[in-house]
Amino acid sequence: MHLLMLLFSVCASLKPNSVLHRSLMKNGGGKVHYSGRGSKINKQLEATAVSQEEEVAGEKFAFSADVSRVMEIIINSLYSDRDVFLRELVSNAADACDKKKFLSLTGGDAIDSMRIRITPDKEKKVLIIEDTGIGMSKEELVNTLGKIAMSGTKKFAEALGETKGDVNLIGQFGVGFYSVYLVADKVKVRSKHNNDDQYIWESSADSSFSVWKDPEGNTLGRGTEITLFLKEDAGEFLDQDRLEELVLRYSEFITFPIYLHKSKTETVTIEDDEDEEDLDDEDDEEILDEEDEEEEEEDDTEPKTEQVTTWEWHQVNSQPAIWARDTKEVSDDEYKSFYKSLSKDASDPTTWIHFKAEGEVEFKSILFVPGQVPFDLYDSYHTKNAQLRLYVRKVLITDEFEDLVPRYLNFLRGVVDSDDLPLNVSRETLQQHKVLKVMGKKLVRKALEMLRKLASKSDDDSSDDDDEDEESDTDSDESEEEENKEDPYLDFWEKFGKNIKLGIIEDPANRSKLTKLLRFKSNKSGDGYTSLEKYVENMKEWQKAIYFIAGESVQAVEDSAFLEKVKAKDLEVLYLVDPIDEYAIQHVTEFDGKKLQSVTKEGLKFGDEDEALEKKREKAYKENFKPLTDYLKTLYGDAISKVTVSKRVEKSPCIIVTSQYGNSANMERIMRSQAFTDQQKTGYMASQKTLEINPRHPIISELNTRVQAQGATDDDTIADLAWLLLDNALMQSGFPAYDIQGFNDRMLRSVFQPGLSVDSLDLVPEIEIPEDDEEDEAGADDVDDLDDIDLSDFAGTDEL
């Protein structure tokens, strides 16, 4: 380091063209040769290099560490939640049972029942975890528990060589056991291996531990018993319900049964133990008679009871890990039961997919689509993640995914289990982001495949129903509604359709797959929905585009003037009535080679026109209505960008269309409704509006005639009618009126006044209230009548 610093300082001090500088720069990539002047520098550099070499070849030392300090770091820094101690101990117990099972299969050892037991003792403040696994000898106790990061499981797997994949082992880092000191001050391990006597290992997480032969002899038979002497603040782990909750969370799907020693308190009746005297037959009859007579009194007597507490072993992990089985071996009822146990949802899932992924990362998974929509699905969309549980060899690692699947799939429920997932030492997070991405891509592909199959099944069923309907011709609206309710994909679409649309926006890589899952209402779908694939199948031969219209509701778009020409040509138009629809459709420019075209924007063409004839007709209309279009453009000013002759309206006098790449009326309405809308920015983003007039409408024809006759007139009546025409077109096209107050004044002046034959809109005088002398005189007479009352008549009564 010193040599490099000295070399850089020398080079910096030399002149750029000096001999030494050129030599240094020339040989900068390899050994440094010195030429020319500067022998003193050469000696200094050589001396420094020798010093550096001596320093490199110095003495070597081994790292030393304070064992108690290292233990403290491992215990308190490795795990973020101390609940995981039970997961680690149960996982170790499961590994021990797996080793025993494997050796019994390969070595011919007798195999007895393998299980894991958990016993809380509140009086002694200890927690006992016991297994009937392979057990540990004295040497293994010393080496495995006494050496930090010494994994007995990993050593066992390595000893198996190529056959290690046949046994399902969890542990690999050799530090999971030390998580017990998160909750315990002292730990005692009692273990019995077939090749050794029963030994006890004990430590208080300091720099030492003790091992001795168990004076009680072989009490375990075979296996391991871990006793935790809990800390003062770890009393919660003696609660039976708390322990059961942790086992269900982390170790529910462990292969071997896990039993929890639970107490149960019952109320029992105490029988009367008094001796009864022998009675004669006659006496028996008399007693029966007395009992019949005093039956009611005896019924009122309450029996004596007492509280009895009993202890029993309760199996916690009764739910099997069905994802580890072949799909052909699992029934639908088992899938539904597993989903309910996993999600705590009382309803059945809509659909599911069970698969095994192979390649860079191998894993098994089951994905479910819920039958019910979570109440906060869209309220917390940006923070809500898919409820997917990650298991490694059936042990839960985490259920909090942020990047595994995209947000639009946050409704998914399921499990992912991998045998070789790269984890960190605490087994709480993934180490390699690349692996996470690979797994996420496979999960997304399978999830979309599941939805695609559900949609295809629905389409096939509907096509079969259509064939039957054509033969019978007995359809009714009620039967259609029932079919739609029974359609599983339409049921999914009504619940989670927004997620698919959000996926169109957020996931460009899978946009083509998601587009096939879209469903829309249309002018030909009735009470049901149609897909883009079905739309293309039903297109006219000459039709070149997929037409859609965006609006606030189905009723609003059905009555729109934009559909007049489309309906006349018997074309299908998709209804985009969900606020997110138009955002999503902006990312879908075409489908199956067909361009998507809004009927509310410029450049609308249908494909069946005679272009030559249309051009001649358009030219003739432009020349004929040029006086009116020029007049209206001058009158409206900045309210509109231009006035043209329309080819899309049939019955309406005029309509407002927007530019091809501008916002539609529906989009402007949505943007105005946003809570944090900047009105200035909204004004900048407002679309350019074009007024299209219907040359065949009588109002337009008459207005054109009057404008031609009077020229550039200042007639207020024509101006008012022209402005009313614009406001009518704006509101009919989904825009607000240009000037609300002006629109109100013109309506009163041009419609109500002539309609009611009112000469003037000036206010009439206020009504006059005549003076009534008779009422004043009557009031005076009433006052006079009070003088005639004699108060002495009421003396001594309560009325005073």
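Every number in this text was worked out from the coordinates using simple rules, so none of it is lab data. Note that this is a predicted model, so its numbers are computed, not measured. Note that we place each Cβ from the backbone using ideal geometry, even for glycine, and neighbour counts take in every protein chain shown.
Grab the Cα-Cα distance for Asp185 and Thr398, subtract it from 0.36 nm times how many residues apart they are, and report the gain in nm with one decimal.
Values: separation 213, 0.36 × 213 = 76.68 nm, distance 2.73 nm.
Contour length minus the Cα-Cα distance gives 74.0 nm.
I need the phi-derived Karplus couplings for the range 741-751: 6.51 cos²θ - 1.76 cosθ + 1.60, θ = phi - 60°, integer Hz, Gly and Pro marked x.
Here the 3J(HN,Hα) series is 5, x, 4, 5, 5, 5, 4, 5, 6, 9, 10 Hz.
For Lys186, enumerate residues with amide H under 5 Å from its amide H, sequence gap 5+ or separate chain, H modeled in the peptide plane.
Phe229
Kirkwood hydrodynamic radius, the range 583-636, all distinct C-alpha pairs: what's the number in Å?
Working: mean 1/r = 0.0693 Å⁻¹.
In the range 583-636 this quantity evaluates to 14.4 Å.
What are the ³J(HN,Hα) values, in whole Hz, obtained from phi via the Karplus relation 6.51 cos²θ - 1.76 cosθ + 1.60 with θ = phi - 60°, for each residue of the range 313-329 in sequence order, with x given for Gly and Pro?
8, 10, 6, 8, 9, 8, 7, x, 7, 6, 5, 7, 8, 6, 4, 6, 8
With Cβ to Cβ distances under 15 Å as the rule, what net charge do the other residues near Pro257 carry (K, R +1; D, E -1)?
Details: positive: Lys100, Lys101, Arg115, Arg117, Lys262, Lys394; negative: Asp98, Asp112, Glu130, Asp131, Glu244, Glu252, Glu312.
Value of the local net charge: -1.
Checking the table Lys516/Lys565; Lys213/Lys394; Lys441/Lys601; Lys569/Lys689 against a 31 Å threshold on Cα-Cα, which pairs fail? Walk me through the numbers before you get to the answer.
Numbers: Lys516/Lys565 28 Å; Lys213/Lys394 35 Å; Lys441/Lys601 38 Å; Lys569/Lys689 26 Å.
Checking Cα-Cα distances, Lys213/Lys394; Lys441/Lys601 exceed 31 Å.
Please sort by residue number the GluC sites (Glu not before Pro) in the range 493-579 whose DSSP state is loop and whose Cβ has at most 14 other Cβ atoms within 10 Å. Walk me through the intermediate numbers first.
On the way: sites: Glu494, Glu506, Glu533, Glu537, Glu541, Glu552, Glu558, Glu564, Glu572; in loops: Glu541, Glu552, Glu572.
Sparse-neighbourhood loop GluC sites (Glu not before Pro): Glu541, Glu552.
Nearest 0.05, what FRET efficiency do Glu609 and Gln586 give at R0 = 22 Å with Cβ-Cβ as r?
Values: r = 27 Å, r/R0 = 1.24.
After rounding to 0.05, the efficiency reads 0.20.
On full extension of the chain, what length is gained from Glu623 through Glu59, given 0.36 nm per residue of separation minus the C-alpha to C-alpha distance?
On the way: separation 564, 0.36 × 564 = 203.04 nm, distance 10.17 nm.
This chain segment gains 192.9 nm when fully extended.
Each residue of the range 621-626 in turn: what ³J(HN,Hα) in whole Hz from Karplus with 6.51, -1.76, 1.60 and θ = phi - 60°, glycine and Pro shown as x?
5, 4, 5, 5, 9, 4
Amide H to amide H under 5 Å from Gln387: which residues, 5+ apart in sequence or cross-chain, H placed 1.01 Å off N in plane?
Leu412
Applying a 10 Å radius around every beta-carbon, put 404-417, 240-253 in order of their mean neighbour count, most first.
Details: 404-417: 22.0, 240-253: 17.9.
Packing order, densest peptide first, comes out as 404-417, 240-253.
Could you check the simple spin-label distance between Glu123 and Glu360, using points 7 Å along Cα→Cβ, in nm with one decimal?
5.9
Summing +1 for each Lys or Arg and -1 for each Asp or Glu, what net charge is found among the other residues whose Cβ lies under 13 Å from the Cβ of Lys364? The partial results should precede the final answer.
Working: positive: Arg325, Lys356, Arg389, Arg393, Lys394, Lys442, Lys446; negative: Asp326, Glu358, Glu362, Asp417, Asp419, Asp420.
Summing Lys and Arg as +1 and Asp and Glu as -1 gives +1.
Provide the gained length on full extension for the span Val268 to Asp326, in nm with one decimal, where the gain is 0.36 nm per separating residue minus the Cα-Cα distance. Each step should come with its number before you reach the end.
Numbers: separation 58, 0.36 × 58 = 20.88 nm, distance 4.79 nm.
So the extension gain works out to 16.1 nm.
What FRET efficiency would be calculated for the residue pair Asp716, Lys567, taking the C-beta separation as r and a Förster radius of 51 Å, to the nearest 0.05?
Efficiency computed from Cβ-Cβ geometry: 0.85.
Can you give the FRET efficiency to the nearest 0.05 for Lys513 and Ala639, using r as the Cβ-Cβ distance and R₀ = 51 Å? Before the final figure, lay out the partial values.
Values: r = 44 Å, r/R0 = 0.87.
The value I calculate is 0.70.
Going by the alpha-carbon gyration tensor, a ≥ b ≥ c the square roots of its eigenvalues, is the range 534-637 rounded (a/c under 1.5) or, if a/c is not under 1.5, prolate (a/b greater than b/c) versus oblate? Could you put the intermediate results ahead of the total?
Details: a/c = 2.22, a/b = 1.42, b/c = 1.57.
Since a/c reaches 1.5 but b/c is at least a/b, the shape of the range 534-637 is classed as oblate.
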